[in-house]
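Reviewing the structure listed below.
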Amino acid sequence: MDTLADFPRQKLPALLQAMPKAELHVHIEGTLEPELIFALARRNGVTLRYADVQALRAAYAFTDLQSFLDIYYAGASVLLQEQDFFDMAMAYFRRAAVDRIVHAELFFDPQTHTARGVPMQTIMGGLVRACTAARSELGISSALILCFLRHLSEADAFDALEQALPYRQHFIGVGLDSSERGHPPDKFARVFAQCREHGLHIVAHAGEEGPAQYIRDALDLLGAQRIDHGVRCVEDPELVRRLARERIPLTVCPLSNVKLKVFDTLAEHNLPALLDAGLCVTLNSDDPAYFGGYLNQNFLETFAALPQLTADHAAQLARNSFDASFVAEATKGRWRDELARVIAQVAKEP
Ligand code: ADE
Ligand code: ZN
């Protein structure tokens, strides 16, 4: 039902910003702003390839996923001490509070750091401390999802899992990220089977640059409960019907998709088609420091570029973000109630 049919379009930005929401697809290393990269480089005596913040920002002109990942991994090289991981995550949480994010499920890439000799304890210690502080200082609930780098081997993934298991109580799930093309999910089927035995939630990047078949494989071979990106599902109508039927969420990242040339412009993004197909889509920022904006910027620019998106779609996306999160049903219910309260309040404001 079109419950917000009379909602005036000029109030849409206010609604998008005020809605409580969950963010389910953000790589914490992708929140490292150039200023913080240089500050940490100075603090840790790391030499960067770029002369200054401006030169680094100027390099953020990506042609595809790989061209981004090369710079993203270079940026993460400044992270050495526990305090660095804490500072990075706290900076994200402060930004998230501004965007009315009440819950965030953060991806982290431990292999990027352990490969440079940073102990798992350092990574986990800083991130967990930040999650605790986000709760007490900002009222934001959060959880960590460990991502395996798919350009590395199955043996490397097993090794990462073994190093992470002593911290099992500090992460709720595992994901699969990095270079998609040429690295299909089946390479990691055995690692994910082991993760499922440990009771971990399963998500996977699929159908960002890779084909719809990778989405099918993430579901069937990895046991994925959510698909990160997944926008190429539309190339397989039977798959779209399955995603709708099984209510598998897609964590879509519009600004990322344009920056990495998955779509030429936001106006050409297939978000309206995904919503029309009845899919449980959520909006997310992916790597906001690199892609031109945090979560509300994704909402604002996407709704501005796609006039067919309405206040009902906005409310649906926020509700979906709670539905698709890995939290208790009672908590989801509280956030849905708060969402309804905020929508009613914005609707009656002049
Ligand atoms: N790692 C960080 N951002 C990513 C993305 N958009 N796709 C795959 N791997 C990533
Ligand atoms: Zn991602």
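Collect the residues in region 104-125 that are surrounded by fewer than 21 Cβ atoms within 10 Å (Cβ to Cβ) and closer than 30 Å to LYS332 by Cα, keeping them in residue-number order.
GLY125
Among the residues of region 44-57, are any within 16 Å of ligand 2 (Cβ to nearest atom), open to solvent by 70 Å² or more (accessible area, probe 1.4 Å) and touching a residue at least 12 places away in the same chain (Cβ under 8 Å)?
Scanning region 44-57, I find no residue that is within 16 Å of ligand 2 (Cβ to nearest atom), open to solvent by 70 Å² or more (accessible area, probe 1.4 Å) and touching a residue at least 12 places away in the same chain (Cβ under 8 Å), so the answer is no.
Going by what's in this entry, would VAL118 be described as outside any helix (DSSP H, G or I) and under 15 Å from the mean Cα position of the chain (by Cα)?
No, not satisfied.
Tally the residues that are in a helix (DSSP H, G or I), open to solvent by 10 Å² or more (accessible area, probe 1.4 Å) and not aliphatic (A, V, I, L, M), restricting the search to region 300-323.
Final tally of qualifying residues: 6.
Any idea which of ASP52, ASP84, ASP109 is among the acidic types (Asp, Glu) and touching a strand residue (DSSP E or B) at 6+ places or on another chain (Cβ under 7 Å)?
It is ASP109.
Could you check, for region 326-333, whether at least one of its residues is among the β-branched types (Val, Ile, Thr), surrounded by 20 or more Cβ atoms within 10 Å (Cβ to Cβ) and under 19 Å from VAL26 (Cα atoms)?
no
From the set of residues in region 146-177 that are open to solvent by 10 Å² or more (accessible area, probe 1.4 Å) and part of a loop (DSSP other than H, G, I, E, B), which is farthest from ligand 1 (Cβ to nearest atom)?
Here the answer is ILE172.
Checking GLY230 against (1) closer than 27 Å to PRO20 by Cα; (2) surrounded by fewer than 24 Cβ atoms within 10 Å (Cβ to Cβ), only one condition comes out false. Which one?
Condition not satisfied by GLY230: (2).
Check off (1) within 16 Å of ligand 2 (Cβ to nearest atom); (2) open to solvent by less than 40 Å² (accessible area, probe 1.4 Å) for GLY292 and give me the number that stays unchecked.
(2)
What are the residues in region 15-58 that are more than 20 Å from SER285 (Cβ to Cβ) and among the hydrophobic types (A, V, I, L, M, F, W, C), if any?
The answer is PHE38, ALA39, LEU40, ALA41, VAL46, LEU48, ALA51, VAL53, ALA55, ALA58.
May I ask you to verify whether PHE263 is among the aromatic types (Phe, Trp, Tyr) and either within 16 Å of ligand 2 (Cβ to nearest atom) or touching a strand residue (DSSP E or B) at 6+ places or on another chain (Cβ under 9 Å) (or both)?
yes
Out of the residues in region 3-43 meeting the condition of being assigned to a strand (DSSP E or B) and within 16 Å of ligand 2 (Cβ to nearest atom), tell me which one is farthest from the chain's Cα centre (by Cα).
We begin by selecting, within region 3-43, every residue assigned to a strand (DSSP E or B); these are 21-27.
Next, from what is left, pick out any that are within 16 Å of ligand 2 (Cβ to nearest atom): 22-27.
Working: ALA22: 10, GLU23: 7, LEU24: 5, HIS25: 1, VAL26: 3, HIS27: 6 Å.
The selected residue is ALA22.
Tell me which residues, restricted to region 233-260, are open to solvent by 30 Å² or more (accessible area, probe 1.4 Å), away from ligand 1 (no atom under 13 Å from the Cβ) and of a type outside the set (Asp, Glu).
VAL234, PRO237, ARG241, ARG242, ALA244, ARG245, ARG247 - these are the residues of region 233-260 that are open to solvent by 30 Å² or more (accessible area, probe 1.4 Å), away from ligand 1 (no atom under 13 Å from the Cβ) and of a type outside the set (Asp, Glu).
The values are calculated or read from the model by the stated rules, or taken from the named source; none is laboratory data. It should be emphasised that the depicted structure is a prediction, and the values quoted were computed from it without experimental measurement. Glycine also receives a Cβ, built like all others from the backbone with ideal geometry; neighbour counts cover every protein chain displayed. Each accessible area value is taken on the protein alone, full model and side chains, heavy atoms only, with ligands, DNA and RNA left out. Shrake-Rupley method; radii C 1.70, N 1.55, O 1.52, S 1.80 Å.
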